[in-house]
Amino acid sequence: MAKKSPKRLGDVLVEEGVVTEEEINEALRKRDRGEKLGEALVRFGYCTDSQIVDALSESLGIKRVNLGMIFVDDQVLKLLDEEFVTKAKIMPINITGRRLVIATNDPLDFPTIENVRLKTGMNVETVLATKNDIETAIARYYGFTKTLKSLGIEAEKEKQEHEKFYEELVKEPEQDASESPIIQLVNQILLTAVKAEASDIHIDPTEIEFKIRYRIDGVLTTERLLPKVILPKLISRIKVMGHMDITDTRNPQDGRIKTVIEGRPVDLRISTLPTVRGEKCVMRVLDLTRDSKGIDRLGFTETEKQRFMKLISRPNGIVLVSGPTGSGKTTSLYAALDQLNDPEDNIITVEDPVEIELEGINQVNVNPDIDFTFANALRSILRQDPDIMMIGEIRDVDTAQISVKAALTGHLVLSTIHTNSAVKTIGRLVDMGIDPFLVASSLSGIVAQRLVRKVCPVCGKTERPTENEQEIFKKHGYEINKVRRAVGCSSCNNKGYKGRTAVFEILDVNDRIARMISNNEKEYDILDAAREDGTRLLVEAGLEKVKAGTTSVEEILKLGLD
């Protein structure tokens, strides 16, 4: 009887309906030398890594795991070195007797599995994880473990036994830059942040240790705790990278780092703050390889996109984006600039600071230390013959007045302002001291926005809404038959959510609304007129995204909208 040949990855993916035979053949023909089939399929956009893993799990009956929820012991890591696991794209996670459990995204890669068996002398059991999860785990465990050992930190439980050693370590002279454990630790923190797609890194001192935390999809999660004695050297290294004063530990400082992590250009904005337990450091991470500038990436519905395009396509007037800190206002402005960027126009921005450099646009950093404020910068750029101006934020009456003057003299002005809704922005400008008739004459439109997390597309579960959820929808004139619930899986780090999108309230200041503003009419009357013109409240836009299965009711309720 002929021996049955083992299944191949391509066969499984075709059987499960993930890809077609033609796509398999095309990927095999076009893939790079040494590139695995699965990697080629993902690179050419025929499927996602998560789809491959799900198909293999279903077809082969192999368990899929969430590496973010698994603790890997040092004894397991010692069995295979970092170079081997990085090249093989596997992650050892557990030992049971003489059996080693490894996570892989290709359990049909039998040569690699056999190689692991020969290297360790153990039987090998495979579980499934995505390539990104495996790479993140390798960076997290191998990178951190190697770096912490070079600092004398063997394991969390041995921390107190090494306190004296840590104190001696801090007194040691700086090693060669390429070999310094502190430099390696900073690099590892940054690498893990980029791999996890974190927007911020927090280094928070406590009484006897400090925490490294990452903000992912708007939520802070603690990565690990480290002995506090190495904190001063860690902060000093970050300050050196950000061209800050390492001798000043009593005053807040700001800095900036432009670096490349695994071939990806990354911009880091640094802020240090002295606290009673030591210096706290926060780094804003801007991965410049992510295509986040396009309008289509913002999360507009087709109607919202048309209304937004109408506002920014006008030759003059002020378009304001409002919302609290961290609501994506600057991202929306960059998307608008990217859309408007034309060699025939002179576009100038005034920012604090410039977050992303845009080709073909003149970008200016304010500098309060030399009295180069938003207002003073605006006065200067008005003499530069601009067509379009972007102001990072309208903070004071001077900036507001110059913006109004610019709009009234034929310029398109884009800016942000801190208000809770589109209509409230009108009152905010009047409170600043701008006459209502000037607000009415200069204001083209207002976009209020918030960010919500998206339900994970892999594990999200569709269910019937509860009575309370139905009441919420009914209150705003909607009916709902099904909602998506966050569950949690390895793809979303067991959070139930992956990525974020924005909800928008777009107010077009037409002739009717302009007259009402000029006559200083009540806010609720202006809102009624705006709704008759098609403006949808933030909460209504959020509920629409719940109906579409993009987000959950819980995410909308967290916004605290009426």
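The values are calculated or read from the model by the stated rules, or taken from the named source; none is laboratory data. As the structure is a prediction and not an experimental result, all values here were calculated from the model. Here Cβ is always computed from backbone atoms with ideal geometry, including for glycine, and neighbour counts include all displayed protein chains. Accessible surface areas use protein heavy atoms only, side chains included; no ligands, DNA or RNA. Shrake-Rupley method; radii C 1.70, N 1.55, O 1.52, S 1.80 Å.
Taken over the stretch 53-74, the criterion of being part of a loop (DSSP other than H, G, I, E, B), open to solvent by less than 50 Å² (accessible area, probe 1.4 Å) and either free of Cβ contacts under 8 Å to residues at least 24 places away in the same chain or within 25 Å of Thr192 (Cβ to Cβ) (or both) is satisfied by Val65, Asn66, Ile70, Val72. When Leu225, Leu231, Leu220 are screened for being more than 30 Å from Arg453 (Cα to Cα) and either open to solvent by 50 Å² or more (accessible area, probe 1.4 Å) or not hydroxyl-bearing (Ser, Thr, Tyr) (or both), only Leu231 passes.
Of the numbered criteria (1) surrounded by fewer than 17 Cβ atoms within 10 Å (Cβ to Cβ); (2) at pLDDT below 90, the one Lys195 fails is (1).
The residues in the stretch 427-461 that are part of a loop (DSSP other than H, G, I, E, B) and out of contact with any Lys or Arg (no Cβ under 6 Å at 6 or more places or on another chain) can be counted, and the count is 6. Can Ser50 be described as in a helix (DSSP H, G or I), at negative phi and in contact with a strand residue (DSSP E or B) (Cβ under 7 Å, 6 or more places away or on another chain)? Spelling it out, it is not the case that Ser50 is in a helix (DSSP H, G or I), at negative phi and in contact with a strand residue (DSSP E or B) (Cβ under 7 Å, 6 or more places away or on another chain). Scanning the stretch 336-361 for residues that are within 22 Å of the chain's Cα centre (by Cα) and open to solvent by 60 Å² or more (accessible area, probe 1.4 Å), we see that the one that is nearest to Glu393 (Cα to Cα) is Asp352. Once the stretch 70-111 is narrowed to residues that are within 34 Å of the chain's Cα centre (by Cα) and among the polar types (S, T, N, Q), the residue that is farthest from Arg8 (Cα to Cα) is Gln75. Taken over the stretch 234-244, the criterion of being open to solvent by 70 Å² or more (accessible area, probe 1.4 Å) and either under 13 Å from Pro181 (Cα atoms) or in contact with a Lys or Arg (Cβ under 9 Å, 6 or more places away or on another chain) (or both) is satisfied by His243 alone. Scanning the stretch 462-496 for residues that are over 17 Å from Ala548 (Cβ atoms), of a type in the set (S, T, N, Q) and in a loop (DSSP other than H, G, I, E, B), we see that the one that is modelled with the highest pLDDT is Thr466.
Pairs linking a residue in the stretch 443-459 that is closer than 18 Å to Val503 by Cβ and in contact (Cβ under 8 Å) with a residue 24 or more places away in the chain to a residue that is among the polar types (S, T, N, Q) and assigned to a strand (DSSP E or B), with Cβ atoms under 6 Å and 6 or more positions apart or on different chains, are Ala448/Ser322; Lys454/Thr501. Scanning the stretch 466-503 for residues that are under 19 Å from the mean Cα position of the chain (by Cα) and within 30 Å of Glu532 (Cα to Cα) gives Arg500, Thr501, Ala502, Val503.
Out of everything in the stretch 300-326 that is among the charged types (D, E, K, R) and either free of Cβ contacts under 8 Å to residues at least 12 places away in the same chain or assigned to a strand (DSSP E or B) (or both), what residue ends up being farthest from Asn510 (Cα to Cα)? Within the stretch 300-326, the match that is farthest from Asn510 (Cα to Cα) is Glu302.
The set of residues in the stretch 405-426 being assigned to a helix (DSSP H, G or I) and touching a strand residue (DSSP E or B) at 6+ places or on another chain (Cβ under 7 Å) consists of Ala406, Ala407, Ala422, Val423, Thr425.
Among all positions in the stretch 120-137, there is at least one residue which is farther than 22 Å from Ala193 by Cα, open to solvent by 50 Å² or more (accessible area, probe 1.4 Å) and either in contact with a strand residue (DSSP E or B) (Cβ under 9 Å, 6 or more places away or on another chain) or part of a helix (DSSP H, G or I) (or both).
Okay, residues lined up against (1) of a type in the set (S, T, N, Q); (2) modelled with pLDDT under 90; (3) within 24 Å of Lys405 (Cα to Cα):
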{"residue": "Arg307", "(1), (2), (3)": "no, no, no"}
{"residue": "Arg314", "(1), (2), (3)": "no, no, yes"}
{"residue": "Ser332", "(1), (2), (3)": "yes, no, yes"}
{"residue": "Ile356", "(1), (2), (3)": "no, yes, no"}
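Of the residues making up the stretch 198-217, those that are touching a Ser or Thr at 6+ places or on another chain (Cβ under 8 Å), closer than 17 Å to Leu273 by Cβ and open to solvent by less than 40 Å² (accessible area, probe 1.4 Å) number 2. Applying the set (1) at pLDDT 90 or above; (2) under 18 Å from the mean Cα position of the chain (by Cα); (3) exposed (fewer than 15 other Cβ atoms within 10 Å of the Cβ) to Pro252 leaves exactly one unmet item: (2).
Applying a threshold of 6 Å to beta carbon distances and a minimum spacing of six or more residues, or different chains, the list of pairs starting in the stretch 344-361 at a residue that is more than 17 Å from Arg379 (Cβ to Cβ) and ending at one that is in a strand (DSSP E or B) and open to solvent by 30 Å² or more (accessible area, probe 1.4 Å) reads Pro353/Asn365; Val354/Gln363; Val354/Asn365.
Here Val447, Val455 are screened, and the one residue that is touching a Ser or Thr at 6+ places or on another chain (Cβ under 9 Å) and at pLDDT 95 or above is Val447. When you check Glu167 against the structure, is it at pLDDT below 85, surrounded by fewer than 16 Cβ atoms within 10 Å (Cβ to Cβ) and not in a loop (DSSP other than H, G, I, E, B), yes or no? The answer is yes for Glu167.
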